[in-house]
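See structure below.
Computed from the coordinates by the stated procedures, all read-outs in this text should not be read as laboratory data. Only a predicted model underlies this, so the values are computations on that prediction, with no experimental measurement involved.
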Amino acid sequence: MSMSTGPSPLLEAAEAVRSGRVSSEELVTQALKRLEEVEGDVGAFLSVQGRAAVDTARSIDRKVAEGCKETLALPLLGVPMGVKDNLCTAGVPTTAASRILEGYRPSYDASAVSKLKLAGGIALGKTNMDEYGMGSTTETSAFQVTRNPRNIDHAPGGSSGGSAAAVAAGVVTGALGTDTGGSVRQPASWCGVVGLKPTYGRLSRKGLIAYASSTDCIGPIASSVADCAALLGAVAGEDRAGDSTALQQPVPDYTALLKESAASGGSRPLEGIKMGVIREALVERVQPDVAAAVKEAIDTMASLGAEVTEVSLPSLPEQCAAYYVTALSEASANLARFDGIRYGLHDQYEGDVYIQQ
């Protein structure tokens, strides 16, 4: 992974629309054509809003032609995007890949989706996922299985496998996913794209169908570090009215920081950065080609100036069990709202007598 800013398909597409070299409608039409070509094999999308996307693109093109300064300044100007199906989208099916929510059409956009649109991005469709985010292969969707576009005999990872596959297949240049215990980072890795789980609260969770609320995060998936940074910068930020846990700190200009780092660092932009490599993570249950790829990435980081240090996490084998204690207890509480069932024992108080049910 290089700290250079290119190639950056998302940013390049937005700049092409801004300069008039290509229209937003052309980008959307190309994305829909590519989707039609690969969707039968990949299965990345649960729904596609093609007509609405074209209409939005035409509106953007009109404003660009008029020289509207506000429109021309938008960072994601006219670029089609994927949105994971556990993020609410106004008037558009939002199922979290579950039959429980089949037919549900929210009356509002999730804050991250709203910011995506305000930044000029166009929601092309809702991407497949493991049901309610509970899975790591995108094979537990109630509607379809998503396959890895790099090799359709393999899984794309999960639970944001649809978003990662849509980017890897070249349908969209960026997509929103969600990460509770790896659900952005892992499918991005499996599909050979870039995924980031931001700091908790960096993005508002309003409109996100919850899994485990103490670790749920919305995160960007793109084909380059620069594009991931641009997408994160567009959708991050406070949300005082919608999510009290969203950070009320200014959002850095991640794109400018990347350019500054590339310009000042020369051939060694990671100089002064320390990177820990977990010893136990590369010892057991790791396929040789995966270990080789990780080693190559470590060597690349070192060549770019990073100080690589081996660290030990002896309790690593217990981490998964600890995660599930938290995640599944929170999930049971969150899922209870959908059908009225309550998990565990509940006490009712009647006068001087407690009745355990």
Summing -39500 (n - 2.57) over the DSSP H runs of n ≥ 4 in the chain and dividing by its residue number, what mean residue ellipticity at 222 nm do you reach, to the nearest 500 deg cm²/dmol?
-12000 deg cm²/dmol
If you count the DSSP beta bridges with both ends in the chain, what percent of them are antiparallel, to the nearest 5?
60 percent
With a ≥ b ≥ c the root eigenvalues of the C-alpha gyration tensor of the stretch 1-83, is it rounded (a/c under 1.5), prolate (a/b larger than b/c) or oblate?
oblate
Filtered pair list for the stretch 9-263 (Lys only, Cα < 28 Å, 8 or more apart or interchain) has a length of 28
Which helices, counted as full DSSP H runs in the chain, have an axial Cα extent of no less than 30 Å and a Kyte-Doolittle average of -1.0 or above?
316-339
Contact order normalised by length for the chain, with contacts defined as Cα pairs under 8 Å and 6 or more residues apart; what percent is it?
15 percent
Percentage of interatomic Cα-Cα distances in the stretch 105-154 larger than 13 Å:
69 percent
Can you tell which of VAL290, VAL42, VAL308 shows the greatest fluctuation in a Gaussian network model of the chain with Cα springs below 10 Å?
VAL290
